[in-house]
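Beneath this line is the structure, given in structure tokens, with notes to follow.
All of the numbers you see were taken from the coordinates with simple rules; none came from a lab. The model shown is predicted, which means the values in this text are computed figures rather than measured ones. Cβ placement follows ideal geometry from the backbone for every residue including glycine, while neighbour counts extend to all protein chains displayed.
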Amino acid sequence: MASTFTSPVVNSAIRLGTQAFDETDPIQLWPSDSLDAIEVVIRAVYRQVLGNAHVMESERAAVAEAESQLRNHAITVREFIRYIAKSELYRSRFFEPCSRNRFIELNFKHLLGRAPSQYSDIADHSHLLESEGFEAEIDSYLDGDEYDQTFGENTVPYYRGHKSPTGQQVSGFANLLKLLRGAASNDNHLAHQQQARLNQAIMANQISAIAPVTRPTTEWRTPITPEAYALMHPELMHVPEEVKSAIQLGTQAFDETAPVELWANDSAEAVDVVIRAVYRQVLGNAHVMESERAAVTDAESLLHNRQISVRGFIRAIAKSELYRGRFFEPCSRSRFIELNFKHLLGRAPNSYSDIADHGNILETDGFEAEIDSYLDSDEYILAFGENTVPYYRGHQSPTGQKVAGFANLLKLLRGNASNDNNPIYYQSQARLTQALMAEQIDAIAPLSSPANITHTPTVLQAEPELTPEQIATQQTFKGYEPFRQTSPVELVPGASEDEIEVVIRAVYRQVMGNAHIMESERLVVPESKLRSGELSVREFVRQVAKSELYQSRFTDCYRYRAMELHFKHLLGRTPQSFDEMKAHSVILDTEGYEADIDSYINSDEYNNAFGENIVPYYRGYNSAPGQTMVEFTNMLHLLKGASSSDKDLTDNRPRVANGMLPYQEPKVSKPRDAQEILSEIFKFTTSDTVPTAPAEPATQESEQDVVIAKLQQQLAALRPSASIGEFVLRQGTQPKAVLGSNLSQQTDEKAALIERLQGELMEAQALATIGANRLNKWQQRNFR
């Protein structure tokens, strides 16, 4: 293919990102220049000082006075640059959102046309910025000898660090290329604007590597001629250029017609057009059903009779339950305020103070006062008046509007088919909060619309009959066909070495769960015996299943997961019921791991299905006589396709065990008397509530001694377990009663002692339960 540029110097410059700034000579203002030449100088200054970023006409209004003085030759180009660099336009782009070092880097680039040569440049200007302020920092570049000798009074600064003037360090070349990345780049790029790019290289006094430019290499492309483009995109050949740009930005749909306005002599049809335009604007381009319009028919009737203006009709819609239910109740506060700006004022919030002010109104005065604050504002009256339907106007450039309003509206407005009642687009979340709070201009995301919007009607036809190959392909996608591609592998007498090798690899594939086996992991001795005829295929499978290779992969996991895999690998199916798993669990506990493996391989099922010389294969997904549907679905849980493997390190849990557990009715405890529970816990019987004759004092004393002895015995039995729950339950000896001389007094003291011992016994019982649980905590066993 022919190259667009034939000069190797230009091609090299393109690859380095410097070509775009070497195309023209430096721009200079002469005393006899015309207004057109002065306009070229002004635009060159904006391009250089504002870092190649686009400047809207509304932003130039802030520095219109300086432009006028330059046109009248009242100030020089240097003074015009000073005015731009000290303006709010420059400050808001490069001083406020950037770190200090990044701001100084950009000052060197914009005002001196080069990158800092060493870290002392950064340090000196940082000290100046801290001690004397922003304006003194700007003056230090423009009043310096370097600026005067390089640019003088009337030459626009230009990038010069990619050249090799006398005395310049070679690091200046690499450093400038880290700040300057081609004709389409700009310094207002949100992805990198906050961070300094030269700190590490300058502080280490090193030369940074030059990264390639992320742009297409146009020197190898054949230019597309207008004729070729017309053949490729015939639908765009008759579209005006301004419409093409609007389509690409997503604003075209709202610029097609003039604003809709209601006039005094309009017909009923014209009023209906106004009503539908209001619904479209105020309800966020969402479809309104006729049944929903019934709630606001009174307002529509008043508008038809000219009893209210369009603004009054909009007020009725915005305060209706229709609006409230769509945008107030389901949305966050900030999102609701964003939509109010969009629907009622036709723009996005300009700053976070807009959000904060309306948030305060909403909190203090309520929903209706918040709606009135937009419709009664001076902005609404000046923009729309009484009878004009609001329209989206943030994509235009009115005087005094910030450039942030353009990007912010495009985050709220994404084309003709979008609407604000779309829950898929996270309608409840505010979309501008982060950008407004950080005072940044968000990047404009491209529309996610298809390039070709033409649709060909679909004609329904009868489905053709599927061939056997197509049926096999469909079954493959379902996950159960990959293992039926070949017949079962069998070792026949007189097999060659190659056939025996196929059998060996089939055994590894089946028994090892389709996992890859390295040559160093293969079982050399059993393989040799199989080749020499000393082992059958069944015995070779037994050797593999009992090997350290198998145990290290499949037994160091949950017990029931290991059993599932044993059924799958050795019998080619899943367990049919939980009883099968429980039976093998008993074998594992009583006889060990090898006996459990033998129970599969020595079973009648294995013998009937595979015999001595057939390699086991997956058979649970077939419909064998007597097989339950549960086994079919369980097999698909274990068998997920030809590329799957049972060596799953991320989720090695049982797949089918939970589904096999027998259902048990939940146990519901019957209400019991508290006295009965206490007597069961403390193993003593309470006295009957039926009054009896008072017992003899000697007999009562003897019964109390028996109860005290019994309680002390129970308490002593619980102390070892209770001491685990609490390090020391009680210190000292067991309590002893101090008996007085009076028999009645001794009886009362013993009754108090019984009550205290019962309390200690209850506490010891609770602590002993904790200790017993700690001692008897079950730990799962692994079998190697």
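Between Glu146 and Glu57, take the C-beta separation as r, use R0 = 30 Å, and let me know the FRET efficiency to the nearest 0.05.
FRET efficiency, Glu146 to Glu57: 0.35.
Between Glu96 and Ala294, what FRET efficiency follows from the Cβ-Cβ distance if R0 is 51 Å, with the result rounded to 0.05?
0.50
Quick one: which of 146-154, 30-38 comes out on top by average Cβ neighbours within 10 Å, and what's the full order, highest first?
146-154, 30-38
Could the peptides 576-587, 126-137 be put in order, highest first, of the mean number of other beta-carbon atoms found within 10 Å of their residues?
576-587, 126-137
Normalise the Cα radius of gyration of region 268-397 by 2.2 N^0.38 Å (N = residues in it) and let me know the number. If you can, show how the numbers build up before the last one.
Details: Rg = 14.3 Å, N = 130, 2.2 N^0.38 = 14.0 Å.
It is 1.02.
Using 7 Å Cα-to-Cβ label points, what is the Thr769/Ser377 separation (nm, one decimal)?
Each label point lies 7 Å from its Cα, and together they span 6.6 nm.
What's log10 of I(q)/I(0) for region 32-130 at q = 0.19 Å⁻¹, Debye sum over Cα points only, no solvent?
Values returned for q = 0.19 Å⁻¹ are -0.94.
Determine, for each peptide in 598-609, 555-566, the mean count of other beta carbons within 10 angstrom over its residues, then list the peptides with the highest first.
On the way: 598-609: 14.3, 555-566: 19.8.
The most tightly packed comes first, giving 555-566, 598-609.
Under 14 Å from a point placed 7 Å out from the Cα of Asn613 along the Cα-to-Cβ direction: which residues of region 487-523 have their backbone N that close?
Counting only backbone N, you get 489-497, 499-501, 503-504.
Test of understanding: what is the full-extension gain from Arg522 to Arg505, defined as 0.36 nm times their sequence separation minus their Cα-Cα distance?
Taking 0.36 nm per residue and subtracting the Cα distance, the gain is 5.1 nm.
Project the alpha carbons of region 74-150 onto their principal axes and report the range along each, largest first, in whole Å.
36, 28, 21
Hey, quick one: spin label on Thr76, modelled 7 Å out along Cα-Cβ, who in region 137-153 has an amide N within reach, i.e. under 18 Å?
Flagged as within label range: 138-153.
So what's the net charge close to Ile597: Lys and Arg +1, Asp and Glu -1, counting the other residues with Cβ under 11 Å from its Cβ?
-2
So between Glu469 and Ala64, what do we pick up on full extension, going 0.36 nm a residue minus the alpha carbon distance?
138.2 nm
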